[in-house]
Amino acid sequence: MFNKVQETVKFLKEKGITNPEFGIVLGTGLGSLVDYIAIEISLDYKEIPNFPVSTVTGHSGKLIYGELGGKKIVAMQGRFHYYEGWTMQEATFPIRVMKFLGIDNLIVSNASGGVNPKFSVGDVMLISDHINFMPEHPLRGKNEDLFGTRFVDMHEPYNLEYIAKFEAIAEAKNIKIQKGIYLALQGPTFETPAEYKMVKILGADAVGMSTVPEVIVAKHMKMECLGVSVITDMGIEGKPEAVSHEEVQIAAKTAEKKISDLVTAFVASF
Ligand code: HPA
């Protein structure tokens with residue numbers, strides 16, 4: 001895997017991707033951030049050696065290099081989910097590549113179901129911490145010491161200074177944001193009422209199907225992470241409501257501008 005990462009990095013550097021400072025995973029909810037990027041290079045995943053190719057609707061599958069908030073960034077438009085059938089190592093491969101392109105700061109975004117009754121659909125939730133409830137682990141197997149250590153410290157999965165900075169930016173812009181714990185399940189089914197209840201009892205504020213493997217791999221390589229989630233539906237006890245992928249996408253759309261403005265200002269603040 002280490003050699004594969006180096007091969008991909010070499011290809012991307014030859015294409016002109018040089019000295020990016022931030023990596024951004026554009027999940028459902030942050031797709032429109034691409035409109036804020038002064039794009040210099042855009043590559044289909046299928047053009048990139050060793051890259052998996054994503055399939056789920058709403059994720060187009062492009063690696064983008066350009067400028068955002070005055071900084072060079074690499075953005076993944078479309079991520080790889082475990083539920084699509086990728087192994088955890090495949091799903092997190094692009095994060096490895098980002099690190100070896102020279103990136104130390106990762107911004108991950110996603111859509112999630114809220115289980116905190118104080119939340120509403122369309123809220124932006126800053127991820128303060130996560131619970132890994134996926135059935136597989138991206139660091140399972142022989143450790144690759146060139147990436148990081150066997151036993152990875154996770155006491156600060158999401159950088160606390162970045163969280164404080166993001167909150168200050170939101171306050172200055174008069175944008176109300178939430179903060180909470182994200183729990184990852186494998187999907188692809190949305191949760192049953194009993195499962196939403198379980199998520200809440202376990203201490204989380206929102207539930208989704210991504211992000212956690214990427215952050216684990218980022219922490220393996222000592223990257224600093226910021227996570228933002230759009231609450232696209234509510235899994236509230238006693239009031240079960242239908243959830244569909246289309247609804248999730250529509251709800252995420254309403255928060256896209258807010259979240260894109262905040263992330264752009266965040267990147268610019270460095
Ligand atoms: N559950 C899991 N993943 C999700 C949800 C949800 O309710 N909403 C958006 N992604």
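Where a number appears in this text, it was derived from the coordinates with a stated rule and is not lab data. On a predicted model such as this, the values are computed, not experimentally measured, just so you know. Glycine also receives a Cβ, built like all others from the backbone with ideal geometry; neighbour counts cover every protein chain displayed.
Once the Cβ-Cβ distance of GLU144 and SER269 is raised to the sixth power relative to R0 = 41 Å, the FRET efficiency obtained is 0.80. Just so you know, the Rg over Rh for the chain is 0.94, from Cα atoms, with Rh as the Kirkwood radius.
Annotation: the range 1-132 has a Kirkwood hydrodynamic radius of 15.6 angstrom, from the mean reciprocal C-alpha pair distance. Each residue of the range 44-49 was assigned a 3J(HN,Hα) from its phi angle through the Karplus expression (A = 6.51, B = -1.76, C = 1.60, θ = phi - 60°), giving 5, 3, 5, 7, 9, x Hz with x at Gly and Pro. For the chain, the share of DSSP beta bridges that are antiparallel, to the nearest 5, is 40%.
With contributions of -39500 (n - 2.57) from each DSSP H run of at least four residues, the per-residue ellipticity at 222 nm computed over the chain stands at -9000 deg cm²/dmol.
Straight-line reach from LYS257: taking Cα to Cα under 16 Å and skipping same-chain neighbours fewer than 8 places apart, the lysines in range are LYS173, LYS176.
3J(HN,Hα) couplings calculated from phi for the range 130-137 with the Karplus curve 6.51 cos²θ - 1.76 cosθ + 1.60 (θ = phi - 60°) are, in sequence order, 9, 10, 8, 10, 7, x, 9, 10 Hz; Gly and Pro show x.
Across the range 162-222, the mean sequence separation of Cα contacts (distance under 8 Å, 6 or more residues apart), normalised by length, yields a relative contact order of 34 percent. Relative contact order for the range 58-211: 29 percent, from Cα pairs under 8 Å spaced at least 6 residues apart, divided by residue count. Calculated FRET efficiency, GLU247 to SER32, Cβ-Cβ distance, R0 = 22 Å: about 0.80 to the nearest 0.05. Against the chain, whose longest principal axis is taken from its Cα atoms, helix 160-172 shows a tilt of about 60°. Axis angle, to the nearest 10 degrees, between helix 245-268 and the longest C-alpha principal axis of the chain: 60 degrees. Considering the chain as a Gaussian network with a 10 Å cut-off on Cα pairs, which listed residue, ASN143, ASN105, ASN19, attains the greatest mean-square fluctuation? Of ASN143, ASN105, ASN19, the Gaussian network model singles out ASN143 as fluctuating most. 3J(HN,Hα) couplings calculated from phi for the range 227-232 with the Karplus curve 6.51 cos²θ - 1.76 cosθ + 1.60 (θ = phi - 60°) are, in sequence order, x, 10, 10, 9, 7, 9 Hz; Gly and Pro show x. Rounded to the nearest 20 debye, the dipole size of the range 115-223 about its Cα centre is 100 debye, using +1 on the Cβ of Lys and Arg and -1 on the Cβ of Asp and Glu.
Taking Cβ atoms as reference points and 12 Å as the exclusive limit, the residues near PHE166 contribute a net charge of -1, counting Lys and Arg as +1 and Asp and Glu as -1. Between CYS225 and LEU106, ASN159, the built amide H atoms are under 5 Å apart, and every one of these is 5 or more places off in sequence or on another chain. The Rg/Rh ratio for the range 176-270, using Cα coordinates for both the radius of gyration and the Kirkwood hydrodynamic radius, is 0.99. Taking all Cα pairs closer than 8 Å and separated by 6 or more residues, the relative contact order of the chain comes to 27 percent.
Put simply, the amide H of ALA111, placed in the peptide plane, has neighbours under 5 Å in THR28, VAL230, leaving out anything fewer than 5 places away on its chain.
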